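Values quoted throughout were computed directly from the atomic coordinates according to the rules given, and no laboratory measurement underlies them. Quick caveat: nothing in here was measured; it's all calculated off a predicted structure. Here Cβ is always computed from backbone atoms with ideal geometry, including for glycine, and neighbour counts include all displayed protein chains.
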Amino acid sequence: DGGITQSPKYLFRKEGQNVTLSCEQNLNHDAMYWYRQDPGQGLRLIYYSQIVNDFQKGDIAEGYSVSREKKESFPLTVTSAQKNPTAFYLCASWGAVRSGANVLTFGAGSRLTVL
Amino acid sequence: GEDVEQSLFLSVREGDSSVINCTYTDSSSTYLYWYKQEPGAGLQLLTYIFSNMDMKQDQRLTVLLNKKDKHLSLRIADTQTGDSAIYFCAESRGSNFNKFYFGSGTKLNVKP
């Protein structure tokens, strides 16, 4: 079955380090997204990409960077410039699913903790 | 505004019906979604409805859409303890419906 794979599931980082979260999809979707979720809160958009080699900032892009060199992959780097990086990060892709409708499909998430 | 709004908590007894409410903002054509999130997991799509529909039913789930009031609801019949989770309402906007706005989530607690 097609889906989205995020890794690692848990990640610990020391202050001042950059870390990269992986997101891979085999749904053949063009558009991919990164969201941040803090406890008791909804989702906030970090970056999105509508097509390979193109991406746009979301609402909270500061301190993050992305790349989209392949359709299947949309890695997110949390840089040392991100002041409060401890959060749950969710990757998603948008496109047709089995029913034929276009929907947003999520990965299982990556929890980043800064020590 | 851009806000999609939901109440934060709902508590029901096992076997009762649950109704989770959401208000959205876009008055043009749009897709509206309900997602379920269990602790430590990603969001799982439960159902969706296009804004030209009034109702959609899928097994225990019924979605009702009131376009005039921009109000969306999710009814879960015969609620089970396994339905305890956070439920997110989302609205898609933009010319390709590929920009999404989420509510803050409603935490459903099902008591045995």
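Under unit Cβ charges (Lys, Arg +1; Asp, Glu -1), what dipole magnitude, rounded to 20 debye, does segment A:48-97 have relative to its Cα centre?
Values: 5 positive and 5 negative charges, 10 e Å.
Roughly 40 debye, rounded to the nearest 20.
Let me know the Rg and Dmax you get for chain A when you use only its Cα atoms, in Å.
Looking at chain A, its Cα Rg and Dmax stand at 13.6, 45 Å.
Under a Cβ-only charge scheme (Lys and Arg +1, Asp and Glu -1), can you give me the dipole magnitude of chain A about the Cα centre, in debye to the nearest 20?
Values: 12 positive and 10 negative charges, 50 e Å.
Its charge dipole is roughly 240 debye.
If you count, for every residue in B:37-48, the Cβ atoms of partner chains within 10 Å of its Cβ, what is the mean? Write down the numbers at each step before the final one.
Working: counts 6, 0, 0, 6, 6, 15, 11, 3, 6, 0, 1, 5.
Counting Cβ atoms of other protein chains within 10 Å of each residue's Cβ and averaging gives 5.
Using the Cα centre of segment B:12-112 as the reference point, and only Cβ charges (+1 on K/R, -1 on D/E), how large is the resulting charge dipole? Debye, rounded to the nearest 20. Don't skip to the answer; put the middle values down first.
Values: 12 positive and 10 negative charges, 42 e Å.
For this selection, approximately 200 debye.
What's the average, rounded to a whole number, of partner chain beta-carbon atoms within 10 Å of each residue's beta-carbon in B:99-110?
Per-residue shielding by partner chains comes out at 3.
Under a straight-distance cross-link criterion of Cα-Cα below 20 Å, which aspartates and glutamates are reachable from A:Lys83, leaving out those fewer than 8 residues away in the same chain?
Output for A:Lys83: A:Glu15, A:Asp38, A:Asp59, A:Glu62.
Note down the relative contact order for segment A:20-63 as a percent, whole number, built from C-alpha pairs under 8 angstrom at least six residues apart. Intermediate values should be presented prior to the final figure.
Numbers: 55 pairs, mean separation 12.8, N = 44.
This gives 29 percent for segment A:20-63.
How much net charge surrounds A:Pro85 when only the other residues with a Cβ under 10 Å from the Cβ of A:Pro85 are counted, with Lys and Arg +1 and Asp and Glu -1?
After counting each charged neighbour, the total is +2.
What number, in percent, do you get for the relative contact order of segment A:15-102 if the mean sequence gap of Cα pairs under 8 Å and at least 6 apart is divided by its residue count? Present the calculation step by step, with values, prior to reporting the outcome.
Values: 187 pairs, mean separation 32.3, N = 88.
37 percent.
Given contacts defined as C-alpha pairs under 8 Å and at least six residues apart, what's the relative contact order of segment B:1-110, whole-number percent?
Computed over segment B:1-110, the figure is 37 percent.
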